[in-house]
Amino acid sequence: MITQLTNNGGKVTLTLVGRLDTVAAQELNAELQPLLAKQNSIESLVVDAEGLEYISSSGLRILLTLTKQYKDFRIISVQPAVYDVLNMTGFTKIMNVERALRNLSVDGCEIIGIGGVGTVYRLDDDTIIKVFREGTTIEEVRGEINMSKEAFVMGMPTAISFDVVKVGGQYGLVYELLDADTLSACIKREPERIDEFARRYAELFRQLHQIDVPASSSVPCAMENERKQVMHIRRYFPQESIDLLMQILDAIPNGRSLLHLDLQTKNAMVQNGELMLIDMGEVGYGHPLLDLGHAYSAMVTLVGDYEKIIGMPKALGVELWNRAIGYYLEGLPADVVEQRKRQIEVVSCVRNFSWLALSDSFPEEVVNECKDVFEERVASRRDYILDVCKTFGDWQI
């Protein structure tokens with residue numbers, strides 16, 4: 001029996017590997033309590049049972065003691081044989097027990113989309129899977145699931161994952177989407193319908209932005225997260241560049257609208273004529289200007305391989321955006337429409353670079369490309385950008 005105890009700021013993990021039989025349980029019981037007593041301010045205790053092959057009644061008694069001792073107690077990654085024992089003895093009803101995640105392979109699967117957070121594959125005709133980038137924690141995955149559920153309840157048309165899995169050393173979310181295809185694929189396949197798709201894309205934005213996020217919601221403030229991302233990329237840009245990006249953000253008015261913050265056309269699935277969102281990792285609340293700026297950054301001024309990331313030729317994607325934003329702003333005076341288009345383009349300058357905060361392992365050539373683009377799109381247009389920022393307050397919601 002192998003045991004290991006780690007303490008990460010009061011979050012303690014006890015890893016068990018092997019067979020927790022009677023003898024091993026006696027040895028563990030003698031060692032564990034003194035070891036726990038030495039830990040400072042234990043906020044939570046997690047037993048990682050991924051490597052646990054067998055558990056005896058003596059081992060069960062240790063778990064029972066721990067669940068009484070610690071309010072925030074969980075057993076995770078429990079293998080089928082051990083789970084059956086916990087279930088039959090009623091332990092699954094008195095403590096938080098999580099089964100081991102099943103393993104899936106995406107070898108040979110079609111790639112639907114690639115983003116900073118992960119890659120989406122089609123498993124079969126009925127299901128897709130989002131595989132998160134390396135380094136993503138299970139807490140981050142669960143956070144996305146919770147955001148999806150909360151946004152769905154508020155009225156956002158989002159697909160809900162029915163399973164968390166492992167793909168090698170990475171986490172994945174499986175979605176059931178019958179006969180669904182990305183909006184990008186639909187536009188590429190039927191470009192003659194681009195105006196119809198543009199109107200529906202615009203309606204999706206409007207639907208989201210009409211949802212007012214209540215103060216009691218756990219949906220985070222989008223602006224706070226955006227500022228954190230900009231501060232995270234200080235490793236790549238001089239302070240004066242970071243200051244300019246922060247000035248753009250500081251000019252954006254407050255708001256409580258529901259924002260997707262990555263609503264490019266590969267993150268919208270068309271199923272039975274309905275648009276469904278599949279990537280909820282960046283959902284937040286704020287002013288619609290921030291959401292539209294993010295989308296403009298992806299659909300018009302993307303840094304990287306456009307067709308690989310967006311899923312259609314750039315000319316087609318830009319045309320879709322131009323039509324969609326026209327429909328989104330439909331009914332406003334022509335001068336207001338032009339002003340808002342300028343505002344959206346300026347806000348997109350932040351997302352052009354803040355997305356680098358989504359991972360610390362982007363290739364050096366990608367980072368260098370962003371540095372080169374910054375001079376062209378932002379630094380050389382500083383006065384124009386700051387002038388446009390002064391008009392942000394005119395956009396009332």
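Highest average first, the peptides 385-391, 134-140 ordered by how many other beta carbon atoms sit within 10 Å of their residues are 385-391, 134-140. The HN-Hα couplings worked out from phi for the range 216-222 by the Karplus form 6.51 cos²θ - 1.76 cosθ + 1.60 (θ = phi - 60°) are 7, 6, 8, 4, x, 6, 5 Hz, whole numbers, x standing for Gly and Pro. Taking every C-alpha pair closer than 8 Å and separated by at least 6 residues, the mean separation divided by the residue count of the chain gives a relative contact order of 13 percent. Each Cα pair under 8 Å and six or more residues apart adds its sequence gap; the mean of these over the residue count of the range 110-176 is a relative contact order of 30 percent. Here's how it looks for Y171: its modeled amide H is under 5 Å from those of F132, which are all 5 or more places away or on a different chain.
Of the labelled options (i) 23.5; (ii) 26.6; (iii) 22.5, which one gives Kirkwood radius over Cα pairs in Å as computed for this structure? Evaluating Kirkwood radius over Cα pairs in Å on these atoms matches (i).
The separation of the range 206-274 from the range 31-88, counted between C-alpha centres, amounts to 40 Å.
When the alpha carbon gyration tensor of the range 264-352 is reduced to an equivalent ellipsoid, its three semi-axes come out at 21, 16, 15 angstrom, largest first. Highest mean packing first, where packing is the average number of other Cβ atoms within 10 Å per residue, the peptides 91-103, 317-329 line up as 317-329, 91-103.
The label-point distance for E369 and D250, in a model that sets each label 7 Å from Cα toward Cβ, rounds to 3.2 nm. Per-residue 3J(HN,Hα) values for the range 288-303, derived from phi via the Karplus relation 6.51 cos²θ - 1.76 cosθ + 1.60 with θ = phi - 60°, read x, 4, 5, 5, 5, x, 4, 5, 4, 4, 7, 7, 10, 10, 3, 9 Hz in sequence order (x marks Gly and Pro). Two numbers describe the Cα atoms of the range 244-290: Rg and Dmax, which are 13.5, 44 Å.
With each pseudo-label sitting 7 Å past Cα toward Cβ, what's the A37-D107 distance in nm, one decimal? Those two pseudo-labels are separated by 5.2 nm. Listed by chain and number, the aspartates and glutamates whose C-alpha is less than 18 Å from the C-alpha of K130, apart from same-chain residues fewer than 8 away, are D107, E110, E139, E140, E144, D163, E176, D179, D181, D262, D279, E282. Bridging of K314 to lysines at a Cα separation below 23 Å is possible for K188, K266, K341, K371, once same-chain residues fewer than 8 apart are set aside.
Electrostatic tally near Y54: other residues with Cβ closer than 13 Å to its Cβ, Lys and Arg +1, Asp and Glu -1, net -2.
Here's how it looks for T182: its modeled amide H is under 5 Å from those of V270, which are all 5 or more places away or on a different chain. Ranking of M231, M154, M312, M88 by neighbouring Cβ atoms within 10 Å, starting from the fewest: M88, M231, M154, M312.
Rounded to the nearest whole angstrom, the semi-axes of the ellipsoid equivalent to the range 181-394, taken from the Cα gyration tensor as √(5λ), stand at 26, 20, 18, largest first. Once the C-beta distance of D394 and S57 is scaled by a Förster radius of 56 Å, the resulting FRET efficiency is 0.20 to the nearest 0.05. Dimensions of the range 110-176 along the principal axes, based on C-alpha atoms and rounded to the nearest Å, stand at 33, 29, 20, largest first. Above 16 angstrom, tally the Cα pairs of the range 25-79 and express them as a % of all pairs, no decimals. The share of Cα pairs beyond 16 Å in the range 25-79 comes to 45 percent.
The amide H of D163, built 1.01 Å from its N in the peptide plane, has V174 as neighbours under 5 Å, considering only residues 5 or more places off or on other chains. Taking 37 °C and 0.692 mPa s as conditions, the range 1-150 diffuses translationally at an estimated 188 µm²/s according to Stokes-Einstein applied to its Kirkwood radius (Cα pairs).
Using a Gaussian network model of the chain in which every pair of alpha carbons under 10 angstrom is joined by a spring, one finds that among V82, V213, V373 the greatest mean-square fluctuation is at V82. Calculated [222 nm] ellipticity per residue, helices only, for the chain: -14000 deg cm²/dmol; basis is -39500 (n - 2.57) per DSSP H run with n ≥ 4, divided by all residues, nearest 500.
Computed from phi, the 3J(HN,Hα) profile of the range 196-211 under the Karplus parametrisation 6.51, -1.76, 1.60 (θ = phi - 60°) reads 4, 5, 5, 5, 5, 4, 5, 5, 5, 4, 4, 4, 5, 6, 7, 7 Hz, with x in place of Gly and Pro.
Taking 0.36 nm per residue of separation and subtracting the Cα-Cα distance, full extension of the segment from R381 to T65 would add 107.3 nm.
None of the figures in this text is laboratory data; all of them are computed from the coordinates on show. Remember, it's a predicted structure, so these values are computed and weren't measured experimentally. Because the Cβ atoms are built from the backbone with ideal geometry, glycine has one as well, and the counts that use them run over all protein chains shown.
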